[in-house]
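Inspection log for the structure reproduced underneath, given as C-alpha cells.
The values are calculated or read from the model by the stated rules, or taken from the named source; none is laboratory data. All values derive from a computational prediction rather than experimental measurement. In this analysis, Cβ positions are derived from the backbone assuming ideal geometry, glycine residues included, and neighbour counts consider all displayed protein chains. To get the accessible areas, we keep the full protein, side chains included, count just its heavy atoms, and leave off ligands, DNA and RNA. Shrake-Rupley method; radii C 1.70, N 1.55, O 1.52, S 1.80 Å.
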Amino acid sequence: YTILSKVHSDRNVYPSAGVLFVHVLEREYFKGEFPPYPKPGEISNDPITFNTNLMGYPDRPGWLRYIQRTPYSDGVLYGSPTVENVGKPTIIEITAYNRRTFETARHNLIINIMSAEDFPLPYQAEFFIRNMNVEEMLASEVLGDFLGAVKNVWQPERLNAINITSALDRGGRVPLPINDMKEGVYVMVGADVPFSSCLREVENPQNQLRCSQEMEPVITCDKKFRTQFHIDWCKISLVDNTKQVSTFQEVVRGEGILPDGGEYKPPSDTLKSRDYYSDFLITLAVPSAIALVLFLILAYIMCCRREGVEKRNMQTPDIQLVHHSAIQKSTKELRDMSKNREIAWPLSTLPVFHPVTGEIVPPLHADSYDNTSMPLMQTQQNLPHQTQIPQQQSAGQY
C-alpha cells in the first residue's frame, strides 16, 4: 500500500500574550481528505489521531499543550502565550493520521502572538475544580459559565482566563474509572480590581484551621459555583502582583573574553619510547617470587616436618600406653557382652494353666513384653504352684 499525504493551506490565529489560547482540531475538517468507506451509504467514522510539533523541532513550545482522549474525539491545543514570543510567528505542524487507511493529512497553524495592553493583570486567582476534566473545561460554553460565576463574585471591570492546567500535570493521580470520577483542573483568572471579601474568606484563621484538618472551609459565595462547579477552596491561590517585591538581580555580564593565559603549546608529535620491562618486574615478577617462596616454606612444614604415630608412641610413657590399651580392651569386651546377653523373661510372658480344665492359656501379650499398656505382672490368682488360702467360714458351720 502507499501512504498518501495531503497538505492544507496555512491557518493564521492571533492570540494575546497572557490570555488563554484554545484551538480545536476538528475531525470533520480532515474527514474529507481521506477516502470514504468501501461500501456506499455507510457513514465514515474513521479513527483519527493528531500529531503536533513546532516546525523544525520534534515537540511543541513549552507554553503549548495538546490533548485528545480517544481517536474518535477532537484534539485541542491550549496554553498561555508568553511575552517573550510577542511578534514572533510560531508555526505548528499538524499531522492527522487515519488509523483505518494509514493515510495522513497535514497543514500548518501559524500563531501570531499579540501584545495585550492590560497584561499582566495585577490580581490573579487560581481555582481547583474537582468535577471537571481539562477538555471539558476548555469548551467555550463551560469556560464562559465559570468566568461568569467568577465575575459575579469578584465584580471586576476586566476578567480574563490566563491558563488552564490538568491536575495530572501538577502531580495528581489518575482517578479510578468508577462513579464518573474526574481528574480535576486548575483554572487561573486575572482581574484589574482587588480580591473580593468572599475570596478573602479563605485566608481566615478558622478556614485555614479547617483546611489543615482536611475539612471543607465555610465560604459564603460557594453556592454560586456549587450548581455546576465543585471548587476546592483549600487549594485556591491568590496572587497580588502589586505587593510583590521584585527579587530580580541584574546580571553583570563581562566582555566575553577569556584572560590571557600565554601562548598555547601543544604536545610534541614525536613521543619518546618507554621501556616497560622494569614495570613488569615490579608488578608481576616480584609478587610471584614472594608467593613461590612462601609456598615452598609451607610445603616443607607440612610434608617434611611430620612427626608420625611412631614418634608419638616413643615419646609417650609405657604405663600410659598400657592404661590406654587396657581401656580399649575393656570397652570392646563390654560391647561384645552387651550384644550376647540374655535376660530372664518376666512372669507375664510365661504360659499359665486353666484352673478347671488344666489347659495351657496363652500369655496376655505374647508378641512383646515391653508393651507399656499391659501390666508388668499378672495377677497371682489360680496359679498351679500357689497355695490356696482357706476362706473364713461363718460361725456355727464348722
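Tabulated data
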quantity	calculated
Qualifying residue in the stretch 130-148 (condition: of a type in the set (Gly, Ala, Ser) and surrounded by 15 or more Cβ atoms within 10 Å (Cβ to Cβ))	no
Hits in the stretch 68-96 - residues which are in contact with a strand residue (DSSP E or B) (Cβ under 6 Å, 6 or more places away or on another chain) and closer than 14 Å to Arg27 by Cβ	Gln68, Pro71, Asp74, Gly75, Val76, Ile94, Thr95, Ala96
Residue check, Arg99 in contact with a strand residue (DSSP E or B) (Cβ under 8 Å, 6 or more places away or on another chain), among the basic types (Lys, Arg) and not assigned by the TED database to the domain that holds Val150	yes
Test: Lys243 is outside any helix (DSSP H, G or I), over 40 Å from the mean Cα position of the chain (by Cα) and on the phi < 0 side of the Ramachandran plot	yes
Matching residues, the stretch 10-64, being modelled with pLDDT of 85 or more and of a type in the set (Asp, Glu)	Glu26, Asp59
Residues within the stretch 213-231 that are closer than 12 Å to Val202 by Cβ and buried (at least 17 other Cβ atoms within 10 Å of the Cβ), tallied	5
Boolean, Ser273 is within 30 Å of Tyr186 (Cβ to Cβ) and modelled with pLDDT under 85	no
Answer residue from the stretch 170-221, given it is touching a residue at least 60 places away in the same chain (Cβ under 8 Å) and part of a helix (DSSP H, G or I) and is nearest to the chain's Cα centre (by Cα) among those	Leu199
Enumeration of residues in the stretch 114-169 that are assigned to a loop (DSSP other than H, G, I, E, B) and basic (Lys, Arg)	Arg130, Arg158
Residue list for the stretch 53-109, filter: open to solvent by less than 70 Å² (accessible area, probe 1.4 Å) and among the aliphatic types (A, V, I, L, M)	Leu54, Leu64, Ile67, Val76, Leu77, Val86, Ile91, Ile92, Ile94, Ala96, Ala105, Leu109
Members of the stretch 87-107 that are modelled with pLDDT of 85 or more and closer than 22 Å to Leu20 by Cβ	Pro89, Thr90, Ile91, Ile92, Ile94
Test for Ile110: is it more than 36 Å from the chain's Cα centre (by Cα) and under 22 Å from Glu33 (Cα atoms)	yes
Some residue of the stretch 121-128 being open to solvent by less than 30 Å² (accessible area, probe 1.4 Å), farther than 30 Å from Met181 by Cα and either touching a helix residue (DSSP H, G or I) at 6+ places or on another chain (Cβ under 8 Å) or among the polar types (S, T, N, Q) (or both)	no
Residue identified as out of contact with any Cys (no Cβ under 6 Å at 6 or more places or on another chain) and under 25 Å from Pro81 (Cβ atoms) among Asn204, Asn179, Asn160	Asn160
Tally of residues being open to solvent by less than 30 Å² (accessible area, probe 1.4 Å) and more than 20 Å from Asp59 (Cα to Cα) across the stretch 110-120	1
